1. State which residue pairs qualify: first residue touching a residue at least 60 places away in the same chain (Cβ under 8 Å) and inside the range 155-177, second residue part of a strand (DSSP E or B) and surrounded by 16 or more Cβ atoms within 10 Å (Cβ to Cβ) in any location, beta carbons under 7 Å apart, and separation of 6 or more residues or different chains.
2. Against the definition (farther than 18 Å from Gly92 by Cα, surrounded by fewer than 17 Cβ atoms within 10 Å (Cβ to Cβ), without any contact (Cβ under 8 Å) to a residue 60 or more places away in the chain and over 16 Å from the mean Cα position of the chain (by Cα)), how does Asp181 come out, yes or no?
3. Restricting to the range 74-95, name every residue that is in a loop (DSSP other than H, G, I, E, B), within 26 Å of the chain's Cα centre (by Cα) and free of Cβ contacts under 8 Å to residues at least 40 places away in the same chain.
4. Just one of (1) under 18 Å from the mean Cα position of the chain (by Cα); (2) assigned to a strand (DSSP E or B) trips up Pro138, so point out which.
5. Only one of these is of a type in the set (Asp, Glu) and crowded, with 16+ Cβ neighbours inside 10 Å: Glu159, Glu150, Glu90, Glu176. Name it.
6. If you take the residues in the range 115-147 that are touching a residue at least 60 places away in the same chain (Cβ under 8 Å) and within 28 Å of Pro192 (Cα to Cα), which one is surrounded by the fewest Cβ atoms within 10 Å (Cβ to Cβ)?
7. For Ala106, only one of the following conditions fails: (1) in a loop (DSSP other than H, G, I, E, B); (2) among the aliphatic types (A, V, I, L, M); (3) over 22 Å from Arg63 (Cα atoms). What is its number?
8. What residue, among those in the range 182-208 that are among the basic types (Lys, Arg) and in a strand (DSSP E or B), is farthest from Trp69 (Cα to Cα)?
Amino acid sequence: MTIPNFAPARSSPIKSNSTPPRVSPSFGDGRLPCSPHPTDLMSSANPDDSPAIGPSPAHSELRRKEGTWDVRCTYFMGGDASPIEVDGTETGQMLGDLWCNSRFQADMLGTPLSGNGSIGYDPVKKRYVGTWKDSATPFLYTFEGDFDSEGKVLEMSGENYDPVRGCPATYRSRVEFISDDEHLLDLSIDVPDGLPIKVLRYHYTRRK
């Protein structure tokens, strides 16, 4: 691998109280990087084109996950093996008006399992974005997606590492909001030349 040689273009000496010259780096073969100069961005920026960074109606949907939930967890073991069912709890808390962070805990047949999730809305991508990490795996899982036209189902997907098969795979999550006090989460993994593999189903009921 050859590291590009950034050679600054020739410039005149900097005089006091003068604007620093613009230096355009170039590769060794004379090609210029694609990134524009910061001053070009400032001069061409149109405030009307900038995405809103404050709360939006899309962000208000995140409050559906707020609160304390009792979770019936079903883990599919594949083949003819019977699913494993355990009980867990999850607490969702808003971070300002832009993010909902969750803390999940369960007992996996004598082994404690804890996890942290976060979901928000990216106004540039115009998609919901989420992350997940837990005490069972050393990987950060990322997802992106959107609601259906009726606003009842949030479908998200992401390229993440599959520790069972030892390779990257497409993870797909589907959250169906049955009511303000109940929703279902289904997680599956796409496999080459085969049907998606069901990983788990979580049935959430709001704790009163």
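The values are calculated or read from the model by the stated rules, or taken from the named source; none is laboratory data. Remember, predicted model here, so these are calculated numbers, not experimental data. Virtual Cβ from ideal backbone geometry, glycine too; neighbours counted across all protein chains shown.
1. Listed pairs, sorted by first residue: Phe177/His183.
2. So Asp181 does not fit the description; no.
3. Across the range 74-95, the qualifying residue is only Met77.
4. (2)
5. Glu90
6. This residue is Phe147.
7. (1)
8. Lys198
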